[in-house]
Amino acid sequence: MLTLNSAITYSKPHQKLSLFSNRNDLILKTHFTKTSFNKPFSQISETLTLKSQIPPNPSFGLFPLKPKSHILKASASSDVPAEEPNLERETELIPEKKPLNLKLPLIFGLWYFQNIVFNIYNKKCLNLFPYPWLLASFQLFVGSIWMVVLWSLKLQPKPKISKPFLIALLGPALFHTIGHISACVSFSKVAVSFTHVIKSSEPVFSVIFASFLGDKYPLAVWLSILPIVFGCSLAAVTEVSFNLGGLSSALISNVGFVLRNIYSKRSLDSFKEVNGLNLYGWITIISFIYLFPAAIFVEGSQWVGGYHRAIAAMQASGGSPLNLYFWVIMSGVFYHLYNQSSYQALDEISPLTFSVGNTMKRVVVIVSTVIVFRNPVQPLNALGSAIAVFGTFLYSQATSKKAKKIEGEKKN
């Protein structure tokens with residue numbers, strides 16, 4: 001009988017196998033220890049099997065995208081003594097350090113900065129040239145040109161356009177036009193800070209209109225809109241620059257944007273292949289087609305006289321007419337940029353985080369415009385503004401819980 005008197009040694013003490021998972025960036029390192037076999041060949045009937053729980057991987061064919069800790073075991077036949085040498089495997093899961101992602105803070109920073117710049121230059125233009133219909137049309141025109149340039153230079157993937165898609169856009173674009181022009185009219189009549197306080201009541205209209213259309217909201221959502229209503233009311237009655245036209249225009253703007261959001265979900269649900277930025281680009285183009293003819297009808301006869309008065313006022317204050325042109329262009333560019341950044345932020349984060357970020361954006365804009373334009377703010381006015389903004393935060397929290405509950409029910 002052939003025996004092994006010295007040793008048959010399976011010795012690869014430093015052999016390592018490293019696999020990189022593309023899902024969770026884990027490094028699986030296996031180390032084989034030294035094992036000796038000193039038994040006759042006739043007695044060696046051990047069959048080494050891998051009792052692994054690892055299913056086939058569509059990416060690698062060996063390991064899953066999310067590897068778990070597994071132990072390699074040996075099962076011997078009944079005639080092999082228990083003290084037979086074992087093949088041991090040590091498995092370590094070592095998480096790889098992920099690089100710091102600065103993209104999201106950059107997008108949020110740009111979103112806030114661009115919104116502040118837009119509100120400042122927009123208000124400067126309206127103080128000197130109080131014709132919001134023309135200014136709002138120009139801002140949509142700049143956004144339309146911007147998107148055409150991005151598509152032409154292939155900096156943004158051009159969406160495939162079909163007749164059903166354009167028809168589905170008509171409703172959302174109409175409500176977007178109403179929301180935009182109403183906000184611009186409000187900016188021309190009252191302080192920017194007051195308009196933004198009133199626009200923070202948008203969740204109130206969202207809940208009311210959605211309820212009429214059949215949506216149901218928990219009690220927490222209804223309770224969250226109470227401080228919004230109270231805060232906006234307190235801010236309105238104590239506002240130094242209060243104007244009924246400015247108040248009503250801000251409220252109409254809320255209605256327009258809420259209906260745009262509701263209508264978009266219903267009419268554009270079958271066009272999910274179009275990303276948010278391209279969707280906003282086409283809404284901007286159609287909105288300009290809607291608004292400019294209406295602007296000519298509403299205030300077109302006043303533009304020439306208003307332009308000459310604006311130039312005269314600029315020169316009287318020691319400024320150049322170029323300053324007015326610069327303000328107008330900047331308002332158009334930054335109007336589109338801040339909306340573009342908001343869509344990019346929404347692609348990167350959850351709707352709840354976006355809502356909280358949008359609430360904080362209003363706070364930053366309100367404070368910034370108060371400082372720049374030195375608007376007088378009474379204590380009760382500041383208190384009402386703070387309550388209204390805090391109410392929008394509570395609304396974001398309440399609606400996020402409702403969304404998570406609906407998502408859980410769908411999964412079950």
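Among the residues of the stretch 285-296, is any free of Cβ contacts under 8 Å to residues at least 12 places away in the same chain and not hydrophobic (A, V, I, L, M, F, W, C)?
Yes, that holds for at least one residue.
State whether one or more residues within the stretch 274-288 are within 24 Å of HIS336 (Cβ to Cβ), within 24 Å of the chain's Cα centre (by Cα), in a loop (DSSP other than H, G, I, E, B) and not small (Gly, Ala, Ser).
The answer is yes, given that some residue of the stretch 274-288 is within 24 Å of HIS336 (Cβ to Cβ), within 24 Å of the chain's Cα centre (by Cα), in a loop (DSSP other than H, G, I, E, B) and not small (Gly, Ala, Ser).
What number of residues in the stretch 286-311 are open to solvent by less than 40 Å² (accessible area, probe 1.4 Å) and β-branched (Val, Ile, Thr)?
2
When only residues in the stretch 212-232 that are part of a loop (DSSP other than H, G, I, E, B) and touching a helix residue (DSSP H, G or I) at 6+ places or on another chain (Cβ under 8 Å) count, which is nearest to TYR263 (Cα to Cα)?
Per the stated criteria, the residue is LEU213.
What is the one condition in (1) at pLDDT 85 or above; (2) open to solvent by 20 Å² or more (accessible area, probe 1.4 Å) that SER201 does not satisfy?
Tallying (1) at pLDDT 85 or above; (2) open to solvent by 20 Å² or more (accessible area, probe 1.4 Å), SER201 fails exactly one: (2).
From PHE165, PHE118, PHE141, grab the single residue that is of a type outside the set (Lys, Arg), open to solvent by 50 Å² or more (accessible area, probe 1.4 Å), in a helix (DSSP H, G or I) and closer than 28 Å to ASN275 by Cβ.
PHE141
Scan GLN315, GLN344 and give me the residue that is modelled with pLDDT under 95, open to solvent by 40 Å² or more (accessible area, probe 1.4 Å) and under 18 Å from the mean Cα position of the chain (by Cα).
Within the list GLN315, GLN344, the selection yields GLN344.
The rows are residues; the columns are (1) in contact with a Cys (Cβ under 7 Å, 6 or more places away or on another chain); (2) open to solvent by 50 Å² or more (accessible area, probe 1.4 Å); (3) not polar (S, T, N, Q).
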| position | (1), (2), (3) |
| --- | --- |
| SER186 | no, no, no |
| PHE209 | no, yes, yes |
| LEU226 | no, yes, yes |
| ALA236 | no, no, yes |
| ALA250 | no, no, yes |
| ASN261 | no, yes, no |
| LEU268 | no, no, yes |
| PHE271 | no, no, yes |
| LEU277 | no, no, yes |
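When you scan the stretch 347-363, do you find a residue that is farther than 21 Å from SER137 by Cβ and touching a His at 6+ places or on another chain (Cβ under 6 Å), even just one?
Within the stretch 347-363, one or more residues are farther than 21 Å from SER137 by Cβ and touching a His at 6+ places or on another chain (Cβ under 6 Å).
Given the structure, is GLY256 without any contact (Cβ under 8 Å) to a residue 40 or more places away in the chain and either in contact with a Leu (Cβ under 6 Å, 6 or more places away or on another chain) or of a type outside the set (Ser, Thr, Tyr) (or both)?
Considered against the rule, which asks whether it is without any contact (Cβ under 8 Å) to a residue 40 or more places away in the chain and either in contact with a Leu (Cβ under 6 Å, 6 or more places away or on another chain) or of a type outside the set (Ser, Thr, Tyr) (or both), GLY256 comes out as no.
Being over 27 Å from GLY319 (Cα atoms), among the basic types (Lys, Arg) and in contact (Cβ under 8 Å) with a residue 24 or more places away in the chain is the filter here; which residues of the stretch 101-159 pass it?
Residues satisfying the conditions are LYS103, LYS158.
Are any residues in the stretch 359-387 more than 22 Å from the chain's Cα centre (by Cα), in a helix (DSSP H, G or I) and within 23 Å of PHE118 (Cα to Cα), and if so, which ones?
VAL367, SER368, THR369, VAL370, ILE371, VAL372, PHE373, ALA382, SER385, ALA386
What number of residues in the stretch 137-172 are charged (D, E, K, R) and in contact with a helix residue (DSSP H, G or I) (Cβ under 9 Å, 6 or more places away or on another chain)?
The number of residues fulfilling the criteria is 1.
Taking the condition aliphatic (A, V, I, L, M), outside any helix (DSSP H, G or I) and surrounded by fewer than 19 Cβ atoms within 10 Å (Cβ to Cβ), does VAL240 pass?
So VAL240 fits the description; yes.
Which of the residues that make up the stretch 221-280 are under 23 Å from SER182 (Cα atoms) and of a type in the set (Lys, Arg)?
The answer is ARG260, LYS265.
The values are calculated or read from the model by the stated rules, or taken from the named source; none is laboratory data. As the structure is a computational prediction, the values presented were derived from the model and not from experiment. Here Cβ is always computed from backbone atoms with ideal geometry, including for glycine, and neighbour counts include all displayed protein chains. Each accessible area value is taken on the protein alone, full model and side chains, heavy atoms only, with ligands, DNA and RNA left out. Shrake-Rupley method; radii C 1.70, N 1.55, O 1.52, S 1.80 Å.
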